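Input: a single structure, listed below in structure tokens.
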Amino acid sequence: MAASSPSSSPLPGGGDDARGDTYDEQLAIVRALKSSGAGAERMRVATARLAELKRAGWVPRFTPSRKFAMHSTAAGGSGATGDDAHRDGDDTTAVGEKKRKASRRGGPTVTCPACRQLVKASHPDQFREHLRKCAPDAVSAVAKDQWRDVAAAVDAVEAHEATLLEDARRLSFRDGRTREEVAIALGVSPDRVRSTLRRASRAVPLVADPTPLDVIHEDDDVLVVNKPPGLRFHPVHRFEGNSLLSRAIGHVRRSGRDDDRLDGDAAGDGHAHVPHVVHRLDMDTSGVCVLVKRPELVDGFARQFRGDAGERRAVKEYLAIGVGAAPPGVTGCVVKADWKPPEASGNEQTTAAEFIGVEFTVDAHVGPHASIPEARAVHRPPPTPERIPKRNGSGGDPDAPKPARTDVRIVSSSRVPIDVNDDGDVMQSLTAVLARVRLHTGRTHQIRVHMAHADLPILSDPLYGPHIRWDGASPCADASTSAILPPGVDADVWGGPRWLGRQALHAARLTLRHPETNEEMTFEARAPEDMRGACVALGLDPDAW
């Protein structure tokens, strides 16, 4: 009797060329072919058909029941097509292509408990690969059998994140350990500790402050306010108020523009009434501030402040009171990093009125101060790198001096006599100016550093002020003590209404374009009373512009 061929064993569905209509049928065919020793070509065709049915039905690789997944898909009308798929020609091919594109574009997703990002989860391997990059420590926290189901894996990671957060809080806040010590104790990286604590902090709703705002303009898109001096832009802690953002939250809730929950119910949804911050002012700087209400407009406004390529920059104009030897040069002078103030000519006949209308530009890099971490200083331009790093690339040095440009126009000036010797015999006449300042860039302390570099330091500035330049006072990095006149400073010259306890700097005007309507919007804010009083004490016109 002739021996039977290894490839002649009966196959499910009838015949050697049977094609399964479902994933389970085709899987049985592939297994039968493999056990019967079928040739390579038959195995290739069968496995290709199996892969096609798998893509069409979104079958996970590791689920408790492929039958359940396939039957659920088939019941929803998106199952495999069987032999008819190949007889329907281009129409069926187009449908299959749409399904494959849909699986690449969308499909089931889950929220990662470690980073709160949406992750594709057609099968658990996608979630596991994401975790290996996002939170490697969480991968080992999921049992092997839990990886068969995405929901079970997410639940396991959620429990691991809760335990990690509790331990990180205990070690950081109760035991007072550093981030590096906490990371070693928990067996994770310091960045993992930081991101875990920061994410938990952001989950706490910001507190609404009932203190009213000085509103310049408000509509459904933006809230424009006049920030008072001495008020932080952001709260120190999310559960504390006393910040501009906290007051803005309270204002939006009370106004009832988002919905009708005006009282206690609004506190239940702490994130629903939070305006979006697109720029900031120093705590001690007053003036125009814009907060965006609609999330879809945030990027359009923020790009104007960042000065992205191709974007029209926001026009920011300030009022500053400076006291110095004299405005540098004549109109059109450009003050570079190596600029030195001219030596006094001894001619005291020059009147202060002659400086009104003088314009100059400070074009000098701004970078870290050599000895005061909170301060900045003018630097020479760094050498041009051989390869310019990308905007957000890892090759750039965050502490490297950055280009900065400031335009200054004197709108009012006067003479200020000061005693330069302890015996009081020698007097020097300084020039006080009220300057309109326009920024072309937005570096930290840019106006304050550039005005000091131009020999017109801003009045009462605790880090760069004229009392430091000519009275020998030490810079005060602690803002809590800047309200007190430093010891040894001549109170007759710098005290009284001339001492503001902060830099005499006010954001007077801001011009933007609406991202949707392209409408130009200009907002102005009157200078605060302490600056107006200082102008009067120095003989300057507080209403000059």
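Here, each number is a calculation from the coordinates, and none is a lab measurement. Predicted model, so just to flag it, every value in this text is computed and none were measured. Cβ atoms come from the backbone with ideal geometry, glycine included; neighbour counts cover every protein chain shown.
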Practice problem: Give the calculated FRET efficiency between ASP191 and THR384 to the nearest 0.05, with a Förster radius of 35 Å applied to their Cβ-Cβ distance. | Solution: 0.65
Self-check item: Linear extension gain, SER429 paired with THR163, 0.36 nm per residue minus alpha-carbon span
Solution: 89.1 nm
Quiz item: Applying the Karplus parametrisation 6.51 cos²θ - 1.76 cosθ + 1.60 with θ = phi - 60° to the phi angles of segment 187-193, what ³J(HN,Hα) value in whole Hz is obtained for each residue in order, glycine and proline being reported as x?
Solution: x, 10, 7, x, 5, 5, 5
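Regarding segment 109-203, what's the average projected area of the Cα-atom convex hull, expressed in nm²?
Taking the Cα atoms of segment 109-203, their convex hull projects to 5.6 nm² on average.
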Quiz item: Cross-link list LYS316/LYS340; LYS227/LYS293; LYS336/LYS402; LYS34/LYS144; LYS133/LYS402: which exceed 25 angstrom alpha carbon to alpha carbon?
Solution: LYS316/LYS340; LYS34/LYS144; LYS133/LYS402
Practice problem: Tell me the label-point distance for the pair ALA370, ALA143, using the 7 Å Cα-to-Cβ offset, in nm and rounded to one decimal. | Solution: 6.5 nm
Quiz item: Under a point-charge model restricted to the Cβ atoms of Lys and Arg (+1) and Asp and Glu (-1), what is the dipole moment magnitude of segment 109-203 relative to its Cα centre, in debye to the nearest 20?
Solution: 360 debye
Quiz item: If packing is taken as the mean number of other Cβ atoms within 10 Å per residue, what is the order of 171-182, 26-37, highest first?
Solution: 26-37, 171-182
Quiz item: How do the peptides 188-195, 432-439 rank, highest first, by the average count of neighbouring beta carbon atoms within 10 Å per residue?
Solution: 432-439, 188-195
Quiz prompt | Whole-Hz ³J(HN,Hα) from phi, Karplus 6.51 cos²θ - 1.76 cosθ + 1.60, for segment 402-412, glycine and proline x | solution = 10, x, 8, 9, 9, 9, 10, 10, 7, 10, 7
Quiz item: Got a sec to turn the phi values of segment 228-244 into Karplus ³J(HN,Hα) couplings, 6.51 cos²θ - 1.76 cosθ + 1.60 with θ = phi - 60°, whole Hz, x for Gly and Pro?
Solution: x, x, x, 10, 5, 6, 10, x, 5, 10, 5, 8, 10, x, 6, 8, 5
Quiz prompt | For SER413, residues with placed amide H under 5 Å, excluding near neighbours | solution = LEU434, ASP541
Exercise. Give the calculated FRET efficiency between THR517 and SER35 to the nearest 0.05, with a Förster radius of 60 Å applied to their Cβ-Cβ distance.
Key: 0.30
Quiz item: What full-extension length gain, to one decimal in nm, is calculated for HIS217 and ARG199 as 0.36 nm per residue of separation minus the Cα-Cα distance?
Solution: 3.2 nm
Quiz prompt | Full-stretch length increase - PHE355, ALA400 - with 0.36 nm per residue and alpha-carbon distance subtracted | solution = 12.7 nm
Quiz item: Amide H to amide H, which residues 5 or more places from ASP461 or on other chains are under 5 Å from it, using H placed in the peptide plane?
Solution: ALA504
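Assigning unit charges at the beta carbon (Lys, Arg +1; Asp, Glu -1) and nothing else, what dipole magnitude in debye, to the nearest 20, does segment 436-499 show about its Cα centre?
Roughly 400 debye, rounded to the nearest 20.
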Quiz item: Among 484-491, 218-225, 411-418, how do they line up from the highest to the lowest mean number of other beta-carbon atoms within 10 Å?
Solution: 411-418, 218-225, 484-491
